[in-house]
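What follows is calculated from the coordinates using simple rules that are stated; it is not laboratory data. Just so it is clear, the structure is predicted and the values come from calculations on it, not from any experiment. As a convention, Cβ positions derive from the backbone with ideal geometry for all residues, glycine included, and neighbour counts pool all protein chains shown.
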Amino acid sequence: MKIKLLLTAVFFQIGLVSVAQPPQGMLVDKIVAVVGDKIILKSDIENSLADMRRQGMELPPDAKCLTLQQMMGVKALVLQAEKDSLPITDEEIDAELDNRIRYYISAYGTKDELERVAGKSIYQLKEDQRTGIRDQKLASAMRDKVVGHIKITPNETRKYFESIPTDSLPYYETEVELGQIVVYPKASREAEEYSIEQLNEYKKQIESGSRDFKNMAELYSDDPGVKQNGGTYEINRSQKDLDPTWLSKAFSLKVGQISNPFKSKFGYHIIQMVSRAGEDAVVRHILKIPQITATETKEAIDKLDSVRANLIAGTLDFGTAVSRYSNDDASKFTGGMLQGQNGTYLTIDQLDKDMIPVYNTLKVGEYSQPVEFTDERGKKGVRIVYLKTRTDPHRENLKDDYNRIATRALEIKKDQAIEDWFRKKITTYYIRVDDEYKKCDGIDKWISGATHSLNEK
């Protein structure tokens, strides 16, 4: 019984509900499996597979069978989580529902288009998915309880690596681990006042009817996203990825109202409330980033020069320097290390355009001189870059790739622990599987393992 699949990304698809209406002529839905008092519908499997296809996932020939086993595994974990009274709050579920709906709105373009395609309101869509998301969270919490204590030793890592045929070892291009300490120069009061004056003038023209907000945003906003959205955003009051000051100001407005200029961590804004439905809203905004002069930039460079001197002297370690001096919120949670698809390991093509010339000057363990750069939001800053490691193109080996090898070995050890846990628990579950799926590879172990299974339809 390979419950390993529960550890894959597919696990997180379970509980998704297709937003599209079912086609005319679809067969009547039916129960295809029961685990304890939890049921799995044929439509659950079909919708999960449809969601994976929409995300571009390549499905194996036995995808239906694998998905059924994944769902049965989730139900078993949920049963035990409920028995153990693992805490999952309504706030956690609501936050995940909001994230899911934002994803759908992004995929379909607007909230109205999502509701049109789904044939349901946002509220109904959330309620449709509530049980599935609750099950996901309970299953994940139960899995963490089962495997959270498991560790991997260097000896186990080596044995795992030595078991891999040499010709099966992955080949890696040049990869680097880079950290940065970022300081954003503070604009002068005069520059800030000028930004406020500009925004007040834009507001005056828009409110007089002589200019259109969207057009003004496209012409004058310093928000890099304005080229794609014309300064328009669909937002939810509970969003965690937005500046809280900006979000609070947006929801303080009445429909049609334009705010006075106000400051966020990105610069100065005016916001117009376009429409609102409960906790969801559509707004437009214009951002002005006060101009930084050479004087402010030099102050930031001088500050980082001092930090770099302490790093080189060994009187200050990099993580502490990030915590004390870096203005980059994201890097403070990663110790200043840049993150990519493979964690801290980045290929050269993943570096931003301002980073590459700096990287080319560094040897492993060195810190760059303070250098100016422009971030993805168009904000000018100064940073020190730290080259922690660099590997040449190579076949995977313990010396260069120990951390990722150990991570894989640990996941395999956790897989085995989950499988062992299921073998012990399955005898306590009532299990029923529809005849259509009884020939699936691995399903027989579910049925034969359950002492109270019902094998007929």
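The relative contact order of segment 198-267, computed from alpha carbon pairs under 8 Å that lie at least 6 residues apart in sequence, is 27 percent.
Among rounded, prolate and oblate, which fits segment 26-136 when a ≥ b ≥ c are the square roots of the eigenvalues of its C-alpha gyration tensor, a/c under 1.5 means rounded, and a/b larger than b/c means prolate? Provide the component values of the computation, followed by the final result.
Details: a/c = 1.85, a/b = 1.19, b/c = 1.56.
Here segment 26-136 falls in the oblate category.
Using a cut-off of 22 Å between Cα atoms, the listed pairs K145/K439; K30/K439; K414/K439; K38/K425; K126/K263 include K145/K439; K414/K439; K126/K263 as exceeding that distance. Modelled spin labels at V117 and E207, positioned 7 Å past Cα toward Cβ, are 3.9 nm from each other. In this structure, T361 and E411 have a Cβ-Cβ separation that, at R0 = 35 Å, corresponds to a calculated FRET efficiency of about 0.40.
Just check the chain against the gyration tensor rule for me: Cα atoms, a ≥ b ≥ c as the square roots of the eigenvalues, rounded for a/c under 1.5, and otherwise prolate or oblate depending on whether a/b exceeds b/c.
Details: a/c = 2.64, a/b = 1.33, b/c = 1.98.
Oblate, because a/c is 1.5 or more while a/b does not exceed b/c.
Remark: segment 348-361, residue by residue, has Karplus-estimated 3J(HN,Hα) of 4, 6, 8, 7, 6, 4, 7, 7, 4, x, 6, 4, 5, 8 Hz, where x stands for each Gly or Pro and the curve is 6.51 cos²θ - 1.76 cosθ + 1.60 at θ = phi - 60°. For the chain, adding -39500 (n - 2.57) for each run of n ≥ 4 DSSP H residues and dividing by the number of residues yields -14500 deg cm²/dmol at 222 nm. Calculated FRET efficiency, L242 to T428, Cβ-Cβ distance, R0 = 41 Å: about 0.35 to the nearest 0.05. Checking the cross-link pairs K240/K424; K240/K388; K137/K240 against a 29 Å limit on the alpha carbon distance flags K240/K424; K240/K388 as lying beyond it.
Over all pairs of different C-alpha atoms in segment 189-288, the reciprocal of the mean inverse distance, the Kirkwood hydrodynamic radius, equals 13.5 Å.
For the chain, the longest principal axis of the Cα atoms and the long axis of helix 189-208 meet at an angle of about 70 degrees.
Placing pseudo-labels 7 Å out from each Cα toward the beta carbon at L219 and Q55 gives an inter-label distance of 4.4 nm. Between K388 and L169, the simple spin-label model (points 7 angstrom out along Cα→Cβ) gives 2.3 nm.
Charge dipole of the chain (Cα centre as origin; +1 on each Lys and Arg Cβ, -1 on each Asp and Glu Cβ, all else neutral): 720 debye, rounded to the nearest 20.
Note on the chain: dipole from Cβ charges, positive end direction compared against L68, I286, V371; the farthest Cα belongs to L68. The phi-based Karplus calculation (6.51 cos²θ - 1.76 cosθ + 1.60; θ = phi - 60°) puts the 3J(HN,Hα) values of segment 290-305 at x, 5, 9, 8, 4, 5, 5, 5, 5, 4, 5, 5, 4, 4, 6, 4 Hz, whole numbers, x for Gly and Pro.
When only alpha carbons are used to place a centre, segment 314-368 and segment 221-235 end up 29 Å from one another.
Please report, in cubic angstrom per residue, the volume enclosed by the convex hull of the alpha-carbon atoms of segment 255-311.
Details: hull volume 6.3 nm³, N = 57.
Here the figure is 110 Å³ per residue.
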